[in-house]
Amino acid sequence: MSETGRILVDTATRLFQNIVTPKELARAEAGEWLGDAWNAVEELGLPLALVPEEQGGFGIDPVEALAAVRVAAAFALPLPLGETMLANRLLAGAGIDAPGGALSVASADIPAGRTARPLALEPENGGWRLTGVARRVPWGSEVSGVVVVAKADGVPHVALVPAGRFAVAPGNNLAGEPRDDLTFDCLLEPSQVAPAAGVTPEGLHAAGAALRSIQIAGALARVLEMTVQYANERSQFGRPIGKFQAIQQSLAVLAGQTAAASAAADLAAEAITAPAGNHRIAVAKARTGEAAGVAAAIAHQVHGAIGFTHEHSLHHLTRRLWSWRDEFGNDAEWSRRLGHAAIAAGADGLWPMITAA
C-alpha cells in the first residue's frame, strides 16, 4: 500500500472511531438517518475516493480507495459509504454531474441461469422515461439519489434518479439497514442519462457483490479481534478460556476464515473496476459468504451468552455478516455462476479461466 493509501486508512479509522458510537448505532437501528455522521464522512472526501482526480476525486488506486470501505465495515458504519463511492464512480465514468450527498445503486439480483426483468429506459419528449421496479435497494429511502444502469435500444446507460422521483416501499435487512423496494416511472433530464462506459446491469450487480465481499472481510477482521480479546480476558476454572484447547482450535478456524476472506476481498477490490472481472468477484463473494457464516457462529460460541445480548457490540457485526452474505447474490448463487462458466469454458478453457481469476 502506498503512503497515500496508508494515510487514507489511518484517517478513516480515526473518523469512524469518533462517529460510530453505541449511541449512534442505536439511533440508526431505530430508523434515524445520521446526518452529522454523514457530513463528517463527506468532509473527509471519502465518497469521492473512487473518482479520478481530474473529476474531483482522490486519484488513487481503486484497491487502496476501497480500503476505506473495509475500515467502515469493521466499525459497522450505518451509512452507505460503499454504495455512494460506487455511484459516484459510475456517474464520473458517464460524465454525469454528481449531486452530492449520499447515493445508492439499484441492481437487479439476477439468479444464475435466469433472465431478470430489467429496468426500461426509453426516450421521451427530449428526455428519458425510466420505468420498472428495483428490489431491496440499499438505503433507497435515505439517499439524495439512486444510480441505475438500464438499457435503451440494447445499449447500457447510466441514469441518475433524484430522490422524490420514485415510490418507496421500505424494508430492512437483518442488521436494520434500509433495503427498500423502489418503483420508477419518471421522466429524466438529458443531463441525467448517458451511455455507460463499459458497465452493464449485470456488471453493476457484480460490483455490488464486490462491495459486500470487501465489507465482509472488514467486519470479520474486527470480529476476530474482539473474539481473541474476549477469550484472553474471560476466565473459567481459574484460567482464561483462550488457554483451553477447544477454544484455541475454534479461534484457529476463525483466524483461517478471516484470512481467506481478506484474500478474497483483495480479489474483489482488484476486479470491481475491471470490465471482465466477474470470475474473480464470483470467487470473492462465494468465499467471503462462506467465511461469514462459519466465523459468526464461532464468535458467538466463544462469547457465550453475553454475545447474544443487545448491549454487547458483537451483534452489530454478526448481523451485518449474515445480511451481507445474501446481498447481491449469496455464496450459492455465485458458486453456481462459477460452475456454469467452467462448463461453458470446456476442457481447454478451464485452466486459463482458473489462472485468470
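The values are calculated or read from the model by the stated rules, or taken from the named source; none is laboratory data. Please read these numbers as outputs of a predicted model, since none were measured by experiment. Note: ideal-geometry Cβ built from the backbone for every residue, glycine included; neighbour counts use all protein chains shown. SASA here: full protein model, heavy atoms, side chains in, ligands and nucleic acids out. Shrake-Rupley method; radii C 1.70, N 1.55, O 1.52, S 1.80 Å.
Whole number please: convex hull volume per residue, Cα atoms of segment 222-357, in Å³.
So the per-residue hull volume is 116 Å³.
If you take the square roots of the eigenvalues of the alpha-carbon gyration tensor of segment 85-215 and sort them as a ≥ b ≥ c, do you get rounded (a/c under 1.5), prolate (a/b over b/c) or oblate?
rounded
Evaluate segment 146-228: find the radius of gyration of its Cα atoms, find its Kirkwood radius, and give the ratio Rg to Rh. Kindly include the intermediate steps, with their values, before the conclusion.
Values: Rg = 16.9 Å, Rh = 15.4 Å.
We get a ratio of 1.10 for segment 146-228.
Once both axes come from the Cα atoms, what is the angle between helix 278-303 and the longest principal axis of the chain, in degrees from 0 to 90, rounded to 10?
Helix 278-303 sits at roughly 30 degrees to that axis.
Trypsin sites (Lys or Arg not before Pro), restricted to segment 205-246: which are DSSP loop and have at most 15 other Cβ atoms within 10 Å? Provide the component values of the computation, followed by the final result.
On the way: sites: 212, 222, 234, 243; in loops: 234.
Hits after loop and neighbour filter: 234.
Roughly what angle does helix 81-94 make with the longest principal axis of the chain, taking Cα atoms, 0 to 90 degrees, to the nearest 10?
30 degrees
In whole Å and largest first, what semi-axes does the C-alpha gyration tensor of segment 1-154 yield when each eigenvalue is scaled by 5 and square-rooted?
Calculated on Cα positions only, the semi-axes equal 29, 20, 15 Å.
Top mean-square fluctuation among 261, 246, 219, Gaussian network model of the chain, C-alpha springs under 10 Å?
Maximum among the listed residues: 246.
In segment 107-252, what percent of the accessible surface is made up of carbon and sulfur (1.4 Å probe, ligands and nucleic acids excluded)?
The value for segment 107-252 is 50 percent carbon and sulfur by accessible area.
Could you work out how far helix 331-356 tilts from the main Cα principal axis of the chain, as a 0 to 90 degree angle to the nearest 10?
80 degrees
Output the direction-averaged projected area (hull surface divided by four) of the convex hull of the alpha-carbon atoms of segment 1-63, in nm². Don't skip to the end; give the middle numbers.
Working: hull surface 19.7 nm².
Hull-based average projected area comes out at 4.9 nm².
Please work out the Cα convex hull volume for the chain and give it in Å³ per residue.
It comes to 140 Å³ per residue, whole-number rounded.
Let's see if you can work this out: charge +1 on each Lys and Arg Cβ, -1 on each Asp and Glu Cβ, no other charges. What is the dipole magnitude of the chain about its Cα centre, in debye to the nearest 20?
The calculation lands at about 1180 debye.
Which of the listed residues, 80, 138, 303, is farthest toward the dipole's positive end in the chain, when Lys, Arg count +1 and Asp, Glu count -1 at the beta-carbon?
Of the candidates, 303 comes out farthest on the positive side.
Sorted by accessible area (1.4 Å probe), largest first, how do 4, 227 line up?
Details: 4 80, 227 0 Å².
Greatest to least solvent exposure: 4, 227.
Mind telling me which of 210, 150, 274 comes out most flexible in a GNM of the chain, alpha-carbon contacts under 10 Å?
274
Mind giving me the FRET efficiency for residue 7 and residue 55? R0 is 22 Å, r the Cβ-Cβ distance, nearest 0.05 is fine.
The calculated FRET efficiency here is 0.60.
Would you please give the residues with an amide H less than 5 Å from that of residue 133, counting only those at least 5 places away or on a separate chain, with H modeled from the backbone geometry?
HN-HN under 5 Å from residue 133: 184.
In Å², what does the accessible area per residue of the chain work out to with a 1.4 Å probe? Provide the component values of the computation, followed by the final result.
Details: 15690 Å² over 357 residues.
Value returned for the chain: 44 Å² of accessible area per residue.
Can you return the aspartates and glutamates within cross-link range of residue 151? Criterion is Cα-Cα under 18 Å, with same-chain partners fewer than 8 residues away left out.
Within reach: 109, 122, 124, 185, 189, 202.
Rank 340, 119, 105 by how far each Cα sits towards the positive end of the charge dipole of the chain (+1 on Lys, Arg Cβ; -1 on Asp, Glu Cβ) and give me just the farthest.
Farthest towards the positive end: 340.
Quick check on segment 27-74: take the gyration tensor over C-alpha atoms, sort the square-rooted eigenvalues as a ≥ b ≥ c, and tell me if it's rounded (a/c under 1.5), prolate or oblate. Walk me through the numbers on the way to the answer.
Values: a/c = 3.71, a/b = 1.82, b/c = 2.04.
Oblate shape, in that a/c is at least 1.5 and b/c is the bigger or equal ratio.
Could you name the aspartates and glutamates in cross-link range of residue 243, using Cα to Cα under 17 Å and dropping any fewer than eight places away on the same chain?
Qualifying aspartates and glutamates at Cα under 17 Å: 225, 233.
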